[in-house]
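**Student:** Below you'll find the structure I mean.
The values are calculated or read from the model by the stated rules, or taken from the named source; none is laboratory data. Computed from a predicted model, the values in this text were never measured in an experiment. Don't worry about glycine lacking a Cβ; one is built from the backbone with ideal geometry, like all the others, and counts go over all protein chains shown.
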Amino acid sequence: MSASEAKIPLNNGLSIPLLGLGTFVEGHAVRHFNIGVHMSEPSQSEQIKTAVEIALDAGYRHVDTASIYFSEKEVGMAVRSRLEREDFTRKEIFITSKLWNTFHDPADVRPACLESLSNLGLSYLDLYLMHTPMGFQNVPGELFPRKNNMILASNVDYIDTWKAMEKLVDEGLVKSIGVSNFNRSQVERLLSVARIKPAINQVELHPYLAQQEMVKYCQSNGIVVTAHTPLGSPQPNFEEQILLDPVIIAIAEKNGKTAAQIILRYQVQKNIVVIPKSLTASRIVQNSKKRHPSLLSIFRITFPINRHGCESPQLRQKKERR
Ligand SMILES: NC(=O)c1ccc[n+]([C@@H]2O[C@H](COP(=O)([O-])OP(=O)(O)OC[C@H]3O[C@@H](n4cnc5c(N)ncnc54)[C@H](OP(=O)(O)O)[C@@H]3O)[C@@H](O)[C@H]2O)c1
């Protein structure tokens, strides 16, 4: 089975492919935030659609989008083109979208989901995530409503938002629901009241941000973890890039793989779903390649410190022994 086909079971009897294509393209999304309407810039819109088509042709069966990425229309066009070609059936493709922060009010949840479905041109989502636990006030036309340059937070409790999301499952509009960017105590609180347990927590994860305790907590409570930004979202001229890390490059060279392949495999071997984004055909294909060496022990030795400041349990133990 190739990396793009491997799946992991969810707590509701369904399953999710361990590899998906991310579709957040900053320039494209930011342009929409600024303009405030879904008016596509032709070139980038076309690039996103083409990237999804390339991924589907390379065997990906999972695409991650969100209303705030303004990529739902492009994802939908690409997926539907391959469904029409009968490359696969709707059941064989997994589509995730996300509820944006301005729609946390329970009354706004269903309309927001319907809008995503309409953008995608699909009748249901495989997974709908609450994009973040923090709601913003719903100010018409504003995705980041501000006053005096401060975001206008809403006072809606994410538990109430969740209850509205549960109804989407009852109605068949979404197969699974989950959360994103939730910390452990937020997940715990949600689990204590949820009628439908979250299937997924999608959080930023990579070797520089391992979040080991959070991953352990979610996995031991039946919640699959998805790593967003799995490659650390490399930016040109940014010094600390995981893809340029000498340890990772050394592991990659030793095993005849690329740094990206090593980083993705590292997560997948821990049963973490990865959703790398690329608009580059060769990278989309490269990121889906299978058969990498077992890396768990290598990473445990070489990444005792989460470089964003948190210490791993191993490092803490070492210090305590001194
Ligand atoms: N839930 C959330 O709050 C949240 C937040 C952030 C992201 N996400 C999701 O996670 C996805 C991935 O995160 P991301 O897009 O921020 O970052 P990422 O996947 O860590 O990195 C994407 C960048 O890596 C480059 N890249 C991809 N494969 C590569 C390879 N094999 N070698 C070298 N460079 C490579 C891409 O360049 P090219 O495109 O030029 O090839 C792109 O610039 C997003 O697209 C989105 O779907 C979710």
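**Student:** Identify, from the list SER81, SER4, SER40, the residue that is at pLDDT below 95, hydroxyl-bearing (Ser, Thr, Tyr) and over 20 Å from the mean Cα position of the chain (by Cα).
**Tutor:** Numbers: SER81 fails: at pLDDT below 95; SER4 fails: over 20 Å from the mean Cα position of the chain (by Cα).
From the options SER81, SER4, SER40, the qualifying one is SER40.
**Student:** Looking only at region 122-174, filter to residues that are of a type in the set (Asp, Glu) and either in contact (Cβ under 8 Å) with a residue 24 or more places away in the chain or more than 18 Å from GLU188 (Cα to Cα) (or both); which one of those is nearest to the ligand (Cβ to nearest atom)? Spell out how you get there, then give the answer.
**Tutor:** Just the residues of region 122-174 that are of a type in the set (Asp, Glu), to begin with: 126, 142, 157, 160, 166, 170-171.
From what is left, the residues that are either in contact (Cβ under 8 Å) with a residue 24 or more places away in the chain or more than 18 Å from GLU188 (Cα to Cα) (or both) are 126, 142, 160, 166, 170-171.
Numbers: ASP126: 14, GLU142: 19, ASP160: 21, GLU166: 20, ASP170: 24, GLU171: 24 Å.
Filtering region 122-174 for residues that are of a type in the set (Asp, Glu) and either in contact (Cβ under 8 Å) with a residue 24 or more places away in the chain or more than 18 Å from GLU188 (Cα to Cα) (or both), the one nearest to the ligand (Cβ to nearest atom) comes out as ASP126.
**Student:** Would you confirm whether or not region 234-255 contains a residue that is at pLDDT 95 or above and either within 20 Å of the chain's Cα centre (by Cα) or of a type in the set (Val, Ile, Thr) (or both)? Quick ask: steps written out before the conclusion?
**Tutor:** Taking region 234-255 as the starting set, the residues that turn out to be at pLDDT 95 or above are none.
For region 234-255, residues at pLDDT 95 or above and either within 20 Å of the chain's Cα centre (by Cα) or of a type in the set (Val, Ile, Thr) (or both): absent.
**Student:** Same structure, new question: Residues that are in contact with a Cys (Cβ under 9 Å, 6 or more places away or on another chain), at pLDDT 95 or above, aliphatic (A, V, I, L, M) and within 15 Å of the ligand (Cβ to nearest atom): does region 89-109 have at least one?
**Tutor:** Within region 89-109, one or more residues are in contact with a Cys (Cβ under 9 Å, 6 or more places away or on another chain), at pLDDT 95 or above, aliphatic (A, V, I, L, M) and within 15 Å of the ligand (Cβ to nearest atom).
**Student:** Okay, moving on. Tell me, yes or no, whether region 264-273 has at least one residue that is within 16 Å of the ligand (Cβ to nearest atom), out of contact with any Lys or Arg (no Cβ under 9 Å at 6 or more places or on another chain), more than 29 Å from LYS91 (Cβ to Cβ) and at pLDDT 95 or above.
**Tutor:** Scanning region 264-273, I find no residue that is within 16 Å of the ligand (Cβ to nearest atom), out of contact with any Lys or Arg (no Cβ under 9 Å at 6 or more places or on another chain), more than 29 Å from LYS91 (Cβ to Cβ) and at pLDDT 95 or above, so the answer is no.
**Student:** Quick one: in region 246-263, of everything that is without any contact (Cβ under 8 Å) to a residue 40 or more places away in the chain and under 11 Å from LEU231 (Cβ atoms), which residue is farthest from the ligand (Cβ to nearest atom)? Write out each step before concluding.
**Tutor:** First, the residues of region 246-263 that are without any contact (Cβ under 8 Å) to a residue 40 or more places away in the chain: 246, 249-250, 252-262.
Still in the running and under 11 Å from LEU231 (Cβ atoms): 258-262.
On the way: THR258: 6, ALA259: 7, ALA260: 3, GLN261: 7, ILE262: 10 Å.
Residue satisfying both the conditions and the ranking: ILE262.
**Student:** Among the numbered criteria (1) within 14 Å of LEU279 (Cβ to Cβ); (2) more than 12 Å from the ligand (Cβ to nearest atom); (3) among the hydroxyl-bearing types (Ser, Thr, Tyr); (4) at pLDDT 95 or above, which one does THR23 miss?
**Tutor:** Answer for THR23: the failing condition is (2).
**Student:** I'd like to know if region 293-302 contains one or more residues that are more than 10 Å from the ligand (Cβ to nearest atom), on the phi < 0 side of the Ramachandran plot and at pLDDT 90 or above. Let's see the steps before the verdict.
**Tutor:** Filtering region 293-302 for residues more than 10 Å from the ligand (Cβ to nearest atom) gives 293-302.
Still in the running and on the phi < 0 side of the Ramachandran plot: 293-302.
From the residues that got through so far, the ones that are at pLDDT 90 or above too are none.
No - not one qualifying residue is present in region 293-302.
**Student:** Output yes when any residue across region 142-155 is of a type in the set (Asp, Glu) and either surrounded by fewer than 20 Cβ atoms within 10 Å (Cβ to Cβ) or more than 26 Å from SER45 (Cβ to Cβ) (or both), and no when none is. Outline the logic, then answer.
**Tutor:** We begin by selecting, within region 142-155, every residue of a type in the set (Asp, Glu); these are 142.
This time we only want the ones that are either surrounded by fewer than 20 Cβ atoms within 10 Å (Cβ to Cβ) or more than 26 Å from SER45 (Cβ to Cβ) (or both), so: 142.
Yes; the residues of region 142-155 include at least one that is of a type in the set (Asp, Glu) and either surrounded by fewer than 20 Cβ atoms within 10 Å (Cβ to Cβ) or more than 26 Å from SER45 (Cβ to Cβ) (or both).
**Student:** Scan region 176-187 and give yes if some residue there is touching a residue at least 24 places away in the same chain (Cβ under 8 Å), farther than 17 Å from GLN211 by Cβ, in contact with a strand residue (DSSP E or B) (Cβ under 6 Å, 6 or more places away or on another chain) and not basic (Lys, Arg), otherwise no.
**Tutor:** Step one: list which residues in region 176-187 are touching a residue at least 24 places away in the same chain (Cβ under 8 Å), which gives 176-184, 186-187.
Going one step further and asking which of them are farther than 17 Å from GLN211 by Cβ, we end up with 176-177.
With the extra rule that they be in contact with a strand residue (DSSP E or B) (Cβ under 6 Å, 6 or more places away or on another chain), the set shrinks to 176-177.
Applying the additional criterion that residues be not basic (Lys, Arg) yields 176-177.
Yes, because at least one residue in region 176-187 is touching a residue at least 24 places away in the same chain (Cβ under 8 Å), farther than 17 Å from GLN211 by Cβ, in contact with a strand residue (DSSP E or B) (Cβ under 6 Å, 6 or more places away or on another chain) and not basic (Lys, Arg).
**Student:** Are any of the residues in region 191-199 in a loop (DSSP other than H, G, I, E, B), over 20 Å from the mean Cα position of the chain (by Cα), more than 30 Å from LEU244 (Cα to Cα) and among the hydroxyl-bearing types (Ser, Thr, Tyr)?
**Tutor:** no
**Student:** Out of all the residues in region 200-208, is one or more of a type in the set (Ser, Thr, Tyr), over 14 Å from TYR128 (Cα atoms) and away from the ligand (no atom under 16 Å from the Cβ)?
**Tutor:** Going through region 200-208, the residues of a type in the set (Ser, Thr, Tyr) turn out to be 208.
When the remaining residues are screened for being over 14 Å from TYR128 (Cα atoms), the result is 208.
Still in the list and also away from the ligand (no atom under 16 Å from the Cβ): none.
Within region 200-208, not a single residue is of a type in the set (Ser, Thr, Tyr), over 14 Å from TYR128 (Cα atoms) and away from the ligand (no atom under 16 Å from the Cβ).
**Student:** Quick one: in region 218-234, which of the residues that are hydrophobic (A, V, I, L, M, F, W, C) and in a strand (DSSP E or B) is nearest to the ligand (Cβ to nearest atom)?
**Tutor:** So the first thing to find is which residues in region 218-234 are hydrophobic (A, V, I, L, M, F, W, C), and the list is 218, 223-225, 227, 231.
After this cut, where a residue has to be in a strand (DSSP E or B) as well, the list is 224-225, 227.
Values: VAL224: 14, VAL225: 12, ALA227: 8 Å.
Looking at the filtered set, the residue picked out is ALA227.
Per-residue answers, yes or no, for (1) outside any helix (DSSP H, G or I); (2) touching a strand residue (DSSP E or B) at 6+ places or on another chain (Cβ under 7 Å):
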position: GLU74; (1), (2): no, no
position: ARG80; (1), (2): no, no
position: LEU83; (1), (2): no, no
position: GLU86; (1), (2): yes, no
position: LYS91; (1), (2): no, no
position: ILE95; (1), (2): yes, yes
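**Student:** Please tell me if SER118 is surrounded by fewer than 16 Cβ atoms within 10 Å (Cβ to Cβ), without any contact (Cβ under 8 Å) to a residue 24 or more places away in the chain, outside any loop (DSSP other than H, G, I, E, B) and not aromatic (Phe, Trp, Tyr). If you could, list the steps in order and put the result at the bottom.
**Tutor:** Numbers: surrounded by fewer than 16 Cβ atoms within 10 Å (Cβ to Cβ): yes; without any contact (Cβ under 8 Å) to a residue 24 or more places away in the chain: yes; outside any loop (DSSP other than H, G, I, E, B): yes; not aromatic (Phe, Trp, Tyr): yes.
Here the answer is yes, as SER118 does meet what is asked.
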